[in-house]
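Undergrad: Structure in structure tokens, see below.
The values are calculated or read from the model by the stated rules, or taken from the named source; none is laboratory data. Small disclaimer: the values here were computed from a predicted structure and weren't measured. Cβ: placed from backbone, ideal geometry, glycine included. Neighbour counts: every protein chain shown. What goes into the accessible areas is simple: the full protein's heavy atoms, side chains included, and nothing from ligands, DNA or RNA. Shrake-Rupley method; radii C 1.70, N 1.55, O 1.52, S 1.80 Å.
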Amino acid sequence: MAPLVRRTWALRGQTPELAQRGGAREKVSIAAALWLSPRRDRLGLYFKTLVNSYFNNWSMTAFLEAMMHDLDGRFVVVWDGGPMHKGEPIHQLADHFANRLCLEALPPWAPMLNPTEPLWGWLKYDRLCNYAPHDAAELDGRVVAELAAIESDQGILRNLYHASELTLPRTLLS
């Protein structure tokens, strides 16, 4: 909940104050997927947030199920080896949706291949810097608004994909 303070504008000698609440730790957890259309000509962003909670393998299973319900086609999910991406609920989901879902793990030494990694830096250091919400619900609203604004913005999504060091399909290069 504490703001990431970057540069601020103020009159010389009048340091700005960013008010924040102390006490209990509040947070917003985010899961996101950058998806590529079946014709490989369009990118999209799919995301969910949890207020004052975290993503474990059960919530990641629910995230994947919701994504497969909302989006058509087959899915190849490429993710890191975090504990939320492992375990019995994930294996059961993969078995249940074997005809639509393939799970692939990134090598542990290659976070730069994950196209959502640059998203977190953009969100935290660009869009949310100097932002001091009153509570986690307000932070969640701002996070959802920022991500919803880019969920179909082809320019930003191509830049995220490009920043990940994955090869971009030729149809997206035009």
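Undergrad: Between a residue in region 44-58 that is on the phi > 0 side of the Ramachandran plot and any residue that is assigned to a loop (DSSP other than H, G, I, E, B) and open to solvent by 30 Å² or more (accessible area, probe 1.4 Å), which pairs come within a Cβ distance under 7 Å, given they are 6 or more apart or on different chains?
TA: Note: pairs meeting the criteria are Asn52/Glu26; Asn52/Lys27.
Undergrad: Also, I was wondering about something else. Anything in region 125-145 that is part of a helix (DSSP H, G or I) and either under 15 Å from Ser29 (Cβ atoms) or touching a Pro at 6+ places or on another chain (Cβ under 9 Å) (or both)? List them, or say none.
TA: Ala136, Ala137, Leu139, Asp140, Gly141, Arg142, Val143, Val144 - these are the residues of region 125-145 that are part of a helix (DSSP H, G or I) and either under 15 Å from Ser29 (Cβ atoms) or touching a Pro at 6+ places or on another chain (Cβ under 9 Å) (or both).
Undergrad: Still on this structure, please answer the following. Condition (residue is farther than 24 Å from Leu119 by Cβ and modelled with pLDDT of 80 or more) applied to region 24-42: is it met by at least one residue?
TA: no
Undergrad: Give the residue, chosen from Trp122, Trp109, that is surrounded by fewer than 15 Cβ atoms within 10 Å (Cβ to Cβ) and either of a type outside the set (Asp, Glu) or assigned to a helix (DSSP H, G or I) (or both).
TA: Trp109
Undergrad: Turning to a different aspect of this structure: Among (1) surrounded by 15 or more Cβ atoms within 10 Å (Cβ to Cβ); (2) of a type in the set (A, V, I, L, M); (3) more than 26 Å from Pro108 (Cβ to Cβ), there is one condition Val77 misses while meeting the rest; what is its number?
TA: (3)
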